[in-house]
Amino acid sequence: MHLYSPVIALAFLVPVFAAPRSLVPVEKVDGETSGRHIVTLKPGVDRSSFVFATNIVPTHNWTVINGFAVGHKGKFTEEQINMLRTSSDVESISEDGMVQASVVATQTNSTWGLARLSSGRKLANQNP
């Protein structure tokens, strides 16, 4: 009977000394940022429950392609970012970078319907 007591006690101590879960890295962007972060949740995580449990209110929410990517964006404090990094429900965290177009390309003699896309009124040669 006394032989099993140390084994049982050891079984309760093992989780305490187990390796800590790795933190979700924050993807940094080169250049200017908006000061916000984009947080993507793992598949199957309910966004409302996650927001309620973490008490972190995002500024934008989205669901992409049949609900496979769920996430939100917001201006979070460093403390909130660190809490999100430890969550097992978070897939990724990225800085929200600013993007600007720097090249303009023009195609002449296009044959695939640019006139239809850029026209504000109905084109004269359309079929009824």
Response to the item:
Around Val64 (Cβ within 14 Å, Cβ-to-Cβ, excluding Val64; K/R +1, D/E -1) the net charge comes to +2
Worksheet entry | Neighbour-limited loop hits for chymotrypsin sites (Phe, Trp or Tyr not before Pro), the stretch 38-90 (at most 12 other Cβ within 10 Å; DSSP other than H, G, I, E, B) | Phe68
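No lab work stands behind these numbers, since they all come straight from the coordinates. Computed from a prediction, not measured in an experiment: that's the story for all the values here. Note that we place each Cβ from the backbone using ideal geometry, even for glycine, and neighbour counts take in every protein chain shown.
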